[in-house]
Each structure stands twice: as structure tokens, then as C-alpha cells.
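Colleague: Below are the C-alpha cells for one structure; questions will follow.
The values are calculated or read from the model by the stated rules, or taken from the named source; none is laboratory data. Owing to the predicted nature of the structure, the values given are computational and were not obtained by experimental measurement. Reconstructed Cβ throughout: ideal geometry from the backbone, glycine too, with neighbour counts over all protein chains shown.
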Amino acid sequence: MKYLMFFFLLFFLTSTSFSQGSGLSIGANYPIYPSTVSQTETFITKHPTNKDILFSTANTITFQPSFFVSEGVYATTNRGSSWFGSDTCNGANILFHQGDPGITIDKNGRFILTRLGRPPFYGIYSHFSTDNGLTWSTQKQITRDGESLYERASVIADINPASNYYGRVYVAWVRLAGSFPVEFSFTDDIEQSWSNKIIVNSFSQRSSGPDIEIGLNGEVFVCYAIVSSTSPFNEVAIAFAKSTNGGQNWSVNNNAFEVTGITGVLPTKSNIRVNGLPRIAVDKSNSQYRGTIYIVTTQRNRLPAGSDPDIILYKSTDNGNTWSQPIRVNQDNFNNGKIQYFPAIDVDDYGGINIIYYDDRTTTSDSSSVFLSRSTDGGITWTDYKISDKNFKPTPIGGLGQGYQGDNIDIVSVENKIFPVWMDNRTGNYQIWTTPISFQPNSVNNENVVPKDFILEQNYPNPFSAGASSFTSRNSGTKISWQSPITGWQTLKIYDILGNEIITLVNEFREAGKYEIEFNPNVIDKKLASGVYFYRLQIENGSDSGLRFAETKKMIVLP
């Protein structure tokens, strides 16, 4: 009874729409690369230093003059105002491309794409581009087993200069043989070879759908579904694996939390195929939620999900060691028969959680629209926004298995702009659609005035107390202010008198401007002893990665 009462309370708290401060400004929908080719399974990523460059991809399916699957490559260099690209990645050997692309952009701005190989050249291959996707390198094989089939690979680059593995590119996949294990590889230079495969998990049940993310300190996180042993192979648990040494070794929890997934077909939507595979994101903002790991899935028949598919979120504030109770993201009425599916997640520069998904609450059961749910309080409360300006009727695409519509959609944010991408057949042919979305941050540290000089201010107050629990108390915590006349990578760290690092407060690419951050000793795992400490600011040039400014100042912590 207590368990049921808890979930009733949880549902009540998370199913009420609250104001999230400033709302979203949602523009008109448009296809990013209109074509007669079917475009499905969309992904989008952003450039690590040039905020105007975005890179998107899709499974591209051609039926005439013959059936062919490849990878669309689409880019914008003006933050979505216009797009260019191709429905076929032109990296050799083009005759043996088989779609299922994964994408990232590395520290040097190189576009990276992974894909499957067409029989008899089974496996996962990579290509890279140094000209924003116009031309592509020849293929480089990631997997060495030429007889196995594989799921799509998930790929990510470590773009954090403070990481011990800065520049390393990681890829994870499931091998469709044996116990369907999650496997892994990496490269420190995309132009060179990939490492031998590393087995992430060893488990008797099947794995499916790995997604990959980088932590604040260069950790590698992989989440994936554990599925039932019989058809339709529903998701029964979400697993979480973590590596702190660049992917060489892994700590694995094959049952981070139990789920009831939705793998199968949706009869009301022409029997399209759906799944409840997890997606992962890490909060890298300077908000109070910095470092939180979020995993989102689709579930039903397990509270707080209803009997119809709902979007469910879990979060961890201790690097994946423990996980929160589930949170229902979509805010329509409980058990109303409406269907949500294919969530994708992004955490913006201000700590806002943005989750996109398909939803039929505003249309008939045979159709769908696209919604975005946004939370600015760490996932406690949510506001839903319909972002598609027209409904569409999902229908299967022939040639790729029963009910194939594509298996995922995606979202990314740049500063206060959100860029969702989804597949939509409103024109009679599936295409990648998007819409420009802007939001007004609840708090903005950058005053948008370009300073003339580098300045690191003395913290205030100084001394300050480590004993209080909030900034509302007298002299509890302190503020650190600085300014930079250049755009570049900024790092702000706290050290003790022996030079041991206590905490990293800032570690990210920032525009030229003035900034301020609060440091509360209570965010440290152990109580901070009174005494002398130091804070050090380093700023690297955004164009040549050279150190342009570094300064250290002393501060005093009282009991």
C-alpha cells in the first residue's frame, strides 16, 4: 500500500503543469533537405567551438531504379537558417553502405559518421569529413568480425580539454549474435585505426540499443536496454555502464532500474514498429544540476507510466551509482489512451532539460504530432509544447522489416536555441523536419558586453563560511566574477593549499563576456575545512587552443 501511495503522490506531483518562467518561441516547421528519397532515423549534433555549425543525418532509402539504403549528411553553417548536403555519404566504398548512421564532431571540427556495411561486407565502418560534410574519407572498419550482424552504433567525441582523453572518439554497439553483447571501440585519431573491440557487458539476456555520453571529467557512460528472451523482446530493464579510464575497463550494472518497455507495433498507427530504448544526457551547465545524468525511455503498465505508452525519466546525481524514482515527463491526463513514443533528450547550457517525442494527444489515434517537454528544475516539473504545426499519419516503409518507420528522433541545443529533428511524412514521403525554438534563460551570467581586458576579480565575500547550508545565510558561500575579451575554453577550479583540486566550477567553451558563479562549499562531498584555498581561471583561445590567460587568487574559508 505504501508503494502504491508513493507512486500516486509521484504521479500527482509530476502530472501537474506548472509555469517554467519564460516560455518557448516556436517557429514554422520546415524540412532541412527536401528530397524524393525517404529520410528516417534522424540525428543531430553541434560543433564544439563554432556555434553556427550543426550536423544532421538520417537513414536514406531509395527504391528506384533499385533498392538502396545509405546515410544522409546535412549541415548548416548559419545555425539553421539554411542547410546543404546529400542523401548519400560519398565515402568509399559507396556500393556497400547499409545505413544506420551515428554522428559526432570531434575536437578539430571533423565530422564523423559511423554506419553498417552491406553484405557480404558485414560490420561497422567509419568515415570523416574535414569540409563540413561535402566530401568524405574512405571507409575504416571498426568491427573485425566479418560474419556478424550489428545494431546501429552510437558514437561520441570527448571535446573537453581538461579530460585525460581529450579528442578520443568512442563508439558502442550490440552484436546480433550469441548473447547480444554490448561492444565498444575507440580511436585517438579518426584518421588512424580503431582499437580492438572491448566487451562492455557479459550477460545471459539480450542487450539492445546502446546510447553513449561523456561525463564532466571524461568518464564514458553507456546505457542500454536488457530485453526479454522471447518475442517481441520487450525492454525489461535499463543497464548502465561506466568507464573512468577511456573505455578500457567498465563497471556495469545490468539492472540499474527495471522497466516495462513498448517494443512491438502500434495497431492504431498502421502497425508501425516502436521501441522503448533509452537515451542519455549529462548536465554540463553551471546550474545547480551540473553533473546530473538523465536517462529517458518509453514505458507502459508500470507506474508512473499508464496503460498507454508514456515518456519516463530517471536521473542520477552520483555518477550513476544510484538512480531516482521514475518521473512521468508528458503532462497529458493519465491513462487517457494517448500514445507517446521515441523520446530524445538534451540538456541546454542553462540546465534546462528538453525532451522531444511523438504524441497523438491533439489528433486522432491513427496520426501523430511532435511535442517537446521542458523542465528547468532538474526534472521535477514539466511544461509540454506542441512543436509540429501539422499532424501526420505514420505508415510503414517497405524493405526494412515489419512496420519500419525508423527507430529514433533527436534534439540538440546551442546557447538559447533548441534544434529538434524528426521524420514526418506529411508530404507523402518521410523527410527530416525541424523548427527553430528559442527560450529566454531564467538566469543569464553573460552580460553580452565584450570586455577589453582579462580580469579575475577577488571573490566576495571573503572570508566566507563553509558551515551554512544556503546562500541566504550570512557570509555562507562566495561569488567569483571574471571577464574575457575572447571566445574560448574557460576553466575555473578550486584548490587547497597543497595544490589538490577540490572542485571544477567551470569547464566549457564560452563567448567573450562577463561572468559570475557562486561557490557553496556544501556541494563538496565532504565538509570543507577552514583555511586558505585558491581559485584558478584559465582561458584558451578558441581558434588555436593556445593558453591566453591564467590567474590564481586566494580565498579564506571560515569554520
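Each row is one residue, and each column tells you yes or no for (1) aromatic (Phe, Trp, Tyr); (2) at pLDDT 95 or above; (3) in a strand (DSSP E or B).
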site	(1), (2), (3)
ALA177	no, no, no
SER185	no, yes, yes
GLN192	no, no, no
LEU216	no, no, no
PHE221	yes, yes, yes
TYR224	yes, yes, yes
GLY246	no, yes, no
ASN249	no, yes, no
ASN253	no, yes, yes
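Colleague: Same structure, new question: Output the number of residues of the stretch 138-176 satisfying the condition of being within 23 Å of the chain's Cα centre (by Cα), of a type in the set (D, E, K, R) and more than 18 Å from ASP100 (Cβ to Cβ).
Modeller: 2
Colleague: Name every residue in the stretch 222-233 that is surrounded by fewer than 23 Cβ atoms within 10 Å (Cβ to Cβ) and either free of Cβ contacts under 8 Å to residues at least 24 places away in the same chain or under 13 Å from the mean Cα position of the chain (by Cα) (or both), in order of residue number.
Modeller: SER228, THR230, SER231
Colleague: Pull up the stretch 199-209, narrow it to residues that are over 12 Å from VAL252 (Cβ atoms) and crowded, with 21+ Cβ neighbours inside 10 Å, then point me to the one that is farthest from the chain's Cα centre (by Cα). Show your work before the answer.
Modeller: Keep residues of the stretch 199-209 that are over 12 Å from VAL252 (Cβ atoms), which gives 204-206, 208-209.
If we keep only those that are crowded, with 21+ Cβ neighbours inside 10 Å as well, we get 208-209.
Numbers: SER208: 18, GLY209: 14 Å.
Filtering first and then ranking leaves SER208.
Condition check ((1) within 21 Å of PRO210 (Cβ to Cβ); (2) of a type in the set (Lys, Arg)) across all residues:
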site: ASN90; (1), (2): no, no
site: PHE111; (1), (2): no, no
site: PRO120; (1), (2): no, no
site: GLY123; (1), (2): yes, no
site: GLN141; (1), (2): yes, no
site: ARG144; (1), (2): yes, yes
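Colleague: From the set of residues in the stretch 345-378 that are assigned to a loop (DSSP other than H, G, I, E, B) and acidic (Asp, Glu), which is surrounded by the fewest Cβ atoms within 10 Å (Cβ to Cβ)?
Modeller: The first filter runs over the stretch 345-378 and keeps only residues assigned to a loop (DSSP other than H, G, I, E, B), leaving 348-352, 360-367, 376-378.
Within this subset, residues satisfying the condition of being acidic (Asp, Glu) are 348-349, 360, 366, 377.
Numbers: ASP348: 24, ASP349: 20, ASP360: 24, ASP366: 15, ASP377: 17.
Per the criteria, the residue is ASP366.
Colleague: Given the criterion surrounded by 16 or more Cβ atoms within 10 Å (Cβ to Cβ), of a type outside the set (S, T, N, Q), closer than 25 Å to GLY351 by Cα and at pLDDT 80 or above, identify the matching residue among PHE464, PHE454, PHE419. Steps first, answer last, please.
Modeller: Details: PHE464 fails: closer than 25 Å to GLY351 by Cα; PHE454 fails: closer than 25 Å to GLY351 by Cα.
Exactly one residue qualifies, and that residue is PHE419.
To keep it simple, each residue is scored yes or no on (1) at pLDDT below 95; (2) among the hydroxyl-bearing types (Ser, Thr, Tyr).
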{"position": "GLU258", "(1), (2)": "no, no"}
{"position": "LEU266", "(1), (2)": "no, no"}
{"position": "SER270", "(1), (2)": "no, yes"}
{"position": "ARG279", "(1), (2)": "no, no"}
{"position": "ASN286", "(1), (2)": "yes, no"}
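Colleague: Residues in the stretch 101-139 that are assigned to a loop (DSSP other than H, G, I, E, B) and β-branched (Val, Ile, Thr): how many?
Modeller: Step one: filter the stretch 101-139 for residues assigned to a loop (DSSP other than H, G, I, E, B), giving 101, 106-110, 118-123, 130-139.
Still in the list and also β-branched (Val, Ile, Thr): 130, 135, 138.
Of the residues in the stretch 101-139, 3 are assigned to a loop (DSSP other than H, G, I, E, B) and β-branched (Val, Ile, Thr).
Colleague: If you don't mind, there's one more thing I want to ask. Which one is surrounded by the fewest Cβ atoms within 10 Å (Cβ to Cβ) among residues in the stretch 60-100 that are in contact (Cβ under 8 Å) with a residue 60 or more places away in the chain and assigned to a loop (DSSP other than H, G, I, E, B)?
Modeller: From the stretch 60-100, those in contact (Cβ under 8 Å) with a residue 60 or more places away in the chain are 61, 63, 67, 69, 72-74, 79-80; that's our starting set.
Filter once more, so that each one left must be assigned to a loop (DSSP other than H, G, I, E, B): 63, 67, 79-80.
Working: PHE63: 13, PHE67: 11, ARG79: 17, GLY80: 20.
Once the filter is applied, the top-ranked residue is PHE67.
Colleague: Quickly run through the stretch 269-320 and pick out the residues that are β-branched (Val, Ile, Thr) and farther than 16 Å from ILE345 by Cα.
Modeller: Narrowing the stretch 269-320 to residues β-branched (Val, Ile, Thr): 272, 274, 280, 282, 292-293, 295-298, 311-312, 317.
ILE272, VAL274, THR317 - these are the residues of the stretch 269-320 that are β-branched (Val, Ile, Thr) and farther than 16 Å from ILE345 by Cα.
Colleague: Can you pull out every residue in the stretch 320-335 that is touching an Asp or Glu at 6+ places or on another chain (Cβ under 9 Å) and loosely packed, with under 13 Cβ neighbours inside 10 Å?
Modeller: Step one: of the stretch 320-335, the residues touching an Asp or Glu at 6+ places or on another chain (Cβ under 9 Å) are 320, 328-332, 334-335.
Listed by number, the list holds a single entry, ASN335.
Colleague: Tell me which of these TYR404 doesn't satisfy, since it passes every other one: (1) part of a loop (DSSP other than H, G, I, E, B); (2) modelled with pLDDT of 95 or more; (3) of a type in the set (Ser, Thr, Tyr).
Modeller: So TYR404 meets the others, but not (2).
Conditions (1) of a type in the set (A, V, I, L, M); (2) modelled with pLDDT under 90; (3) surrounded by 15 or more Cβ atoms within 10 Å (Cβ to Cβ); (4) in a strand (DSSP E or B), marked per residue:
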{"site": "ILE486", "(1), (2), (3), (4)": "yes, yes, yes, no"}
{"site": "THR491", "(1), (2), (3), (4)": "no, no, yes, yes"}
{"site": "ASN507", "(1), (2), (3), (4)": "no, yes, yes, yes"}
{"site": "TYR515", "(1), (2), (3), (4)": "no, yes, yes, yes"}
{"site": "MET555", "(1), (2), (3), (4)": "yes, no, yes, yes"}
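Colleague: Could you list, in sequence order, all residues of the stretch 293-336 that are charged (D, E, K, R), touching a residue at least 60 places away in the same chain (Cβ under 8 Å) and more than 14 Å from SER373 (Cβ to Cβ)? Walk me through how you get there before you give the answer.
Modeller: Within the stretch 293-336, the first condition is being charged (D, E, K, R), and the residues that meet it are 300, 302, 308, 310, 315, 318, 328, 332.
Those still in the list that are touching a residue at least 60 places away in the same chain (Cβ under 8 Å) too: 315, 328.
Residue satisfying the conditions is LYS315 alone.
Colleague: Please specify each residue of the stretch 174-213 satisfying the condition of being touching a residue at least 60 places away in the same chain (Cβ under 8 Å) and of a type in the set (Asp, Glu).
Modeller: GLU191, ASP211, GLU213
Colleague: I've got another one for you. Can you pull out every residue in the stretch 177-198 that is within 30 Å of SER228 (Cβ to Cβ), over 23 Å from the mean Cα position of the chain (by Cα) and either of a type in the set (Val, Ile, Thr) or crowded, with 16+ Cβ neighbours inside 10 Å (or both)?
Modeller: Residues of the stretch 177-198 within 30 Å of SER228 (Cβ to Cβ): 177-185, 197-198.
Add one more test, that the residue is over 23 Å from the mean Cα position of the chain (by Cα), and what stays is 177-180, 197.
PHE180, LYS197 - these are the residues of the stretch 177-198 that are within 30 Å of SER228 (Cβ to Cβ), over 23 Å from the mean Cα position of the chain (by Cα) and either of a type in the set (Val, Ile, Thr) or crowded, with 16+ Cβ neighbours inside 10 Å (or both).
Colleague: Kindly indicate whether LYS527 is exposed (fewer than 13 other Cβ atoms within 10 Å of the Cβ), of a type outside the set (A, V, I, L, M, F, W, C), at pLDDT below 90 and out of contact with any Cys (no Cβ under 7 Å at 6 or more places or on another chain).
Modeller: Details: exposed (fewer than 13 other Cβ atoms within 10 Å of the Cβ): yes; of a type outside the set (A, V, I, L, M, F, W, C): yes; at pLDDT below 90: yes; out of contact with any Cys (no Cβ under 7 Å at 6 or more places or on another chain): yes.
The answer is yes for LYS527.
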